[in-house]
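Written below as structure tokens is the structure these notes are about.
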Amino acid sequence: MNDEYQDLKTADIVAESLIDWNVDVVFGIPGDGINGFIEALRVRQDKIKFVLVRHEESAALMACAYAKYTGKIGVCVSTSGPGAIHLLNGLYDAKADNVPVLAITGSTFSDLMNSSFLQDVKLLQLFSDVASYNTMIHVPEQAEMAVDIACRTCLARKGVGHINIPVDVQEKKLKGDYSKHKVPGHTSDIFDSFALPDKKLIEKAAKILNTGNKIVILIGQGALNASAEVVAVAQKLNAPIIKALLGKAVVPDDHPLNLGGLGMLGTEPASEAMSQTDTLLLIGTSFPYMEYLPKPGQAKGIQIDMKPEKIGLRYSVEVGLVGDSKTVLSELIPLLKERTHKNNIKDDLKNHYYNNSKLDISNVSLQFLHAMQKSMEKWKKILKEQSNREDIPIKPQVIANAVSEELEENAIVSVDSGNNTVWAARFLNMRKGMKFSVSGNLATMACGLPYAIAAKIAFPDRQSVAFVGDGGFTMLMGEFATAVQYKLPIKIIILKNNLLGMIRWEQMAFLGNPEYAVEFTPIDYAKFAEASGGKGYTIKKIDEVKSVIHMAMNEENEFPSIVEAYIDPFELPFPPKLNMEFPTHIAESFVRGQPYTMEIGTSLSMDHIPERFKSFQSHLKHKQNKEKN
Ligand SMILES: Cc1ncc(C[n+]2csc(CCOP(=O)(O)OP(=O)(O)O)c2C)c(N)n1
Ligand SMILES: [Mg+2]
């Protein structure tokens with residue numbers, strides 16, 4: 001029987017099959033458990049680029065980001081044992097954010113397996129939770145099929161696949177030694193997922209939306225390919241749009257219908273809109289913090305998601321529309337009734353519309369939208385005030401705002417986990433055509449730098465910016481050298497507070513504990529950048545902020561740059577709605593021995609000028625006085 005892979009080694013068949021699936025980049029580190037496959041990649045380097053990283057965790061994070069930014073499958077490679085173990089965190093990032101990533105690992109010789117031989121780890125067992133498809137290739141005759149199933153499963157389930165190949169099997173040649181049931185050539189590299197919900201369900205959804213008074217749209221990562229449709233629906237319904245963090249790039253931050261993010265790092269108008277809405281349209285999101293969604297029963301819910309198991313997960317919806325957001329919305333839009341639009345009302349009639357007690361439905365929705373827009377204007381004023389602060393130490397908001405102003409039209413922004421995420425969410429403004437991502441549901445630290453590297457590899461002509469905390473950056477900072485090695489002129493902005501800033505806040509505000517184990521010794525990141533072969537900048541003074549960020553972001557060279565910005569370590573990231581629990585806990589932590597009470601107190605009193613924080617201030621003082629007496 002003729003086989004296209006006759007006499008090819010398993011490793012070659014795997015590489016060829018990946019090429020068939022349009023895999024053009026793999027991220028990883030070689031090792032004796034995987035060197036057979038590395039050789040197969042070496043001889044195909046014109047078709048598949050191998051990106052050598054410094055830590056396998058980065059390889060998996062890069063594969064995840066590559067998939068997020070391109071829509072293709074991300075692939076990472078490691079040796080047996082320790083290399084494979086290192087991949088896991090990045091693979092969980094992909095699983096948690098529904099991203100197709102394939103991990104290819106080696107394992108020890110088949111005849112030594114499970115004998116405590118060197119680097120002999122039961123990887124199938126270890127990867128069984130993270131991977132939707134998890135297999136070992138035992139013979140070359142199995143290889144093509146395994147890759148086809150793995151890639152198809154990654155795409156279909158939007159998750160992780162894992163293929164493990166013992167080192168001896170990588171070297172074995174295909175001899176056509178098939179079982180009696182195997183038909184060579186039976187497997188194919190095709191994936192098709194066109195699915196549309198039942199027309200009746202779409203009609204039902206349209207009916208609910210057409211009768212809603214105060215409609216709110218919450219979008220997430222699953223709406224990234226449907227920007228125009230999301231805006232079209234919002235315009236038809238007079239509905240404000242709220243963005244879960246992974247959906248930040250769906251709609252520009254300055255869009256008149258945008259109310260920004262939701263939750264701890266979100267905006268006040270977004271929380272307000274959620275508390276008032278009577279109709280909630282969820283598009284491609286499983287936003288985890290349910291307490292920020294309307295109360296069950298408050299709003300009629302409609303949810304669009306690719307994954308049926310996500311429908312009804314966070315909010316008790318009436319209709320679930322399973323499918324791709326763009327396709328489903330395109331079917332839904334013609335069924336939505338046009339409402340009165342702000343643009344259609346003459347200025348002199350506006351007050352009449354907003355103040356008329358006998359408003360019809362379309363005008364109620366307009367009134368709601370208008371109220372939210374007004375609220376958003378106020379919120380933006382607060383952000384603007386915070387952006388222009390002149391304090392020393394510099395406020396992180398000031399740095400974020402300056403970075404935002406230097407983002408190019410089609411920039412790709414990767415952020416990290418910590419307080420820096422809050423500043424990024426609120427102050428880095430997405431404009432049309434930009435991309436944005438972060439480790440969303442896993443919220444792992446250290447993702448920012450690997451994500452930015454993957455973005456630059458995927459789109460060499462676009463500006464790639466990592467906006468990160470010093471803790472997260474330090475975890476995988478070796479990858480800066482990867483960016484140097486591959487001549488990737490990414491821009492890394494490090495918010496330097498020598499601190500796990502978010503954890504200081506959490507220990508105080510969530511638990512009422514004095515901070516513990518959150519400070520670390522400083523690193524000179526500018527020197528580190530230079531020592532690694534890149535460019536380093538430092539910002540310590542307020543008048544350096546704009547000029548240095550401008551210089552770093554606009555410098556045209558082939559090396560990556562780091563801008564380390566010294567920021568106020570006592571700036572606390574307040575949620576949009578102040579829950580009295582937080583001030584109470586902070587006061588408790590003060591009483592129980594929290595250090596730096598002066599600094600934190602000063603930061604609080606100079607901060608947060610808006611009214612809503614006044615009650616917090618007086619509550620805090622009251623509590624402290626009470627405890628003292
Ligand atoms: C891998 C990992 N370890 C621990 C945490 C818990 N955690 C969340 S934010 C944070 C602090 C982040 O510090 P840094 O990167 O300096 O950012 P900052 O909060 O100071 O802006 C920690 C420890 C996490 N999310 N991921
Ligand atoms: Mg920090």
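The values are calculated or read from the model by the stated rules, or taken from the named source; none is laboratory data. Fair warning: this is a prediction, and the values are worked out from it, not measured in the lab. Counting neighbours? That spans all protein chains shown, and the Cβs are built from the backbone with ideal geometry, glycine included.
Below are the figures for this structure:
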{"read-out": "Whichever residue in the stretch 458-478 is more than 11 Å from ligand 1 (Cβ to nearest atom) and polar (S, T, N, Q) and, among such residues, is farthest from the chain's Cα centre (by Cα)", "value": "463"}
{"read-out": "Boolean, residue 506 is within 12 Å of ligand 2 (Cβ to nearest atom), over 17 Å from residue 465 (Cβ atoms), out of contact with any Ser or Thr (no Cβ under 8 Å at 6 or more places or on another chain) and of a type in the set (Asp, Glu)", "value": "no"}
{"read-out": "One residue from 282, 224 being crowded, with 24+ Cβ neighbours inside 10 Å, in the same structural domain as residue 336 (by TED's automatic domain parsing) and touching a residue at least 12 places away in the same chain (Cβ under 8 Å)", "value": "282"}
{"read-out": "Selected residue [assigned to a helix (DSSP H, G or I), farther than 27 Å from residue 50 by Cα and at pLDDT 95 or above] from 401, 429", "value": "401"}
{"read-out": "Residues being part of a loop (DSSP other than H, G, I, E, B) and within 16 Å of ligand 2 (Cβ to nearest atom) - total across the stretch 488-503", "value": "3"}
{"read-out": "Which listed residue, of 506, 519, 558, is more than 16 Å from ligand 1 (Cβ to nearest atom) and either surrounded by fewer than 19 Cβ atoms within 10 Å (Cβ to Cβ) or over 30 Å from residue 599 (Cβ atoms) (or both)", "value": "558"}
{"read-out": "Count of the stretch 40-91 residues which are free of Cβ contacts under 8 Å to residues at least 40 places away in the same chain, crowded, with 24+ Cβ neighbours inside 10 Å and among the acidic types (Asp, Glu)", "value": "1"}
{"read-out": "The stretch 176-185 - residue that is surrounded by fewer than 10 Cβ atoms within 10 Å (Cβ to Cβ) and not small (Gly, Ala, Ser) and, of those, nearest to residue 100 (Cα to Cα)", "value": "183"}
{"read-out": "Which numbered condition residue 449 fails, given (1) more than 13 Å from ligand 1 (Cβ to nearest atom); (2) out of contact with any Lys or Arg (no Cβ under 9 Å at 6 or more places or on another chain)", "value": "(1)"}
{"read-out": "Residue ID - farthest from the chain's Cα centre (by Cα), chosen from residues in the stretch 137-191 that are under 22 Å from residue 80 (Cα atoms) and assigned to a loop (DSSP other than H, G, I, E, B)", "value": "172"}
{"read-out": "Per-region count, the stretch 456-497, residues on the phi > 0 side of the Ramachandran plot and in contact with a strand residue (DSSP E or B) (Cβ under 6 Å, 6 or more places away or on another chain)", "value": "0"}
{"read-out": "Any pair with Cβ under 7 angstrom, 6 or more apart, that starts in the stretch 461-487 at a residue that is part of a helix (DSSP H, G or I) and ends at one that is away from ligand 2 (no atom under 16 Å from the Cβ) and among the aromatic types (Phe, Trp, Tyr)", "value": "484/559"}
{"read-out": "Members of the stretch 479-502 found to be within 10 Å of ligand 1 (Cβ to nearest atom) and crowded, with 17+ Cβ neighbours inside 10 Å, listed by number", "value": "494, 495, 496, 497, 499, 500, 501, 502"}
{"read-out": "Test: residue in the stretch 533-549 that is touching a helix residue (DSSP H, G or I) at 6+ places or on another chain (Cβ under 7 Å) and of a type in the set (D, E, K, R)", "value": "yes"}
{"read-out": "Failed item in (1) closer than 27 Å to residue 449 by Cα; (2) touching a Lys or Arg at 6+ places or on another chain (Cβ under 9 Å), with residue 6 passing the rest", "value": "(1)"}
